[in-house]
1. Between residues in segment 1-17 that are at positive phi and surrounded by fewer than 18 Cβ atoms within 10 Å (Cβ to Cβ) and residues that are modelled with pLDDT of 95 or more and not acidic (D, E), which pairs lie under 7 Å by C-beta distance while being six or more apart or on different chains?
2. Mind telling me which of the residues A99, A41 ends up being of a type in the set (A, V, I, L, M) and either free of Cβ contacts under 8 Å to residues at least 12 places away in the same chain or within 29 Å of S133 (Cα to Cα) (or both)?
3. Quick one: what pairs do we get from segment 57-71, first residue within 16 Å of K22 (Cβ to Cβ), second of a type in the set (S, T, N, Q) and within 12 Å of the ligand (Cβ to nearest atom), C-beta under 8 Å, 6+ apart or different chains?
4. Which pairs have Cβ atoms under 7 Å, sit 6 or more apart or on different chains, and link a residue in segment 110-121 that is in contact (Cβ under 8 Å) with a residue 40 or more places away in the chain to one that is hydrophobic (A, V, I, L, M, F, W, C) and within 11 Å of the ligand (Cβ to nearest atom)?
5. Are there any pairs, at least 6 apart or on different chains, whose C-beta atoms fall under 6 Å, with the first in segment 74-94 and more than 13 Å from R56 (Cα to Cα) and the second within 11 Å of the ligand (Cβ to nearest atom), and if so, which?
6. Do any helices (runs of 4 or more DSSP H) lying entirely in segment 33-135 carry at least 1 residues that are within 14 Å of the ligand (Cβ to nearest atom) and surrounded by fewer than 13 Cβ atoms within 10 Å (Cβ to Cβ), and which ones are they?
Amino acid sequence: MALFEWKEDFSVHVGAFDTHHKRLVDLINSLHEAMQKRKSAEVMGGTLKELLAYTRYHFSEEEKLMDTMGYPGLQQHRKDHDWFTGKVAQLVQKLREGALGVGIETMTFLKNWLMDHILETDKRYSGFFNSRSVN
Ligand SMILES: [Fe+2]
């Protein structure tokens, strides 16, 4: 069974961002699968780097739209994004140095952070965007 399943409850009611979130969920699941299959640090590192790159892309798309539309929560939201990006970049670095394996704690951290971020922080922008015809 997949570690993380995207459910309708996770919808932020902005189609592009739901699509991005589903991709992030898939990447987290791929990493989890690689962990379970005891794939090499190189394979794990590749997936983690892909997760980092896609996370950066997705966050910058959200922030761009918030900026364009004058979303009042942008600053705090950006801080949350930067914190997580920093954490994932650290994981990539540690894995590269052989200082860390990706274990269940890492997987739980990635899953929980993303889930809480979508459900609490992202969902706050739904009404703002929808009332400005972004959906
Ligand atoms: Fe976000």
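The values are calculated or read from the model by the stated rules, or taken from the named source; none is laboratory data. Computed from a predicted model, the values in this text were never measured in an experiment. Here the Cβ positions follow ideal geometry from the backbone for every residue, glycine too, while neighbour counts run over all protein chains shown.
1. If the second residue must be modelled with pLDDT of 95 or more and not acidic (D, E), the pairs left are H13/S126; H13/N130.
2. The unique qualifying residue is A99.
3. Sorted first by the residue in segment 57-71, then by its partner, the pairs are F59/T85.
4. Final answer for the pair search is L114/L24; I118/V12.
5. Within 6 Å, the pairs are L74/M66.
6. Hits in segment 33-135: 41-69, 74-97, 104-116.
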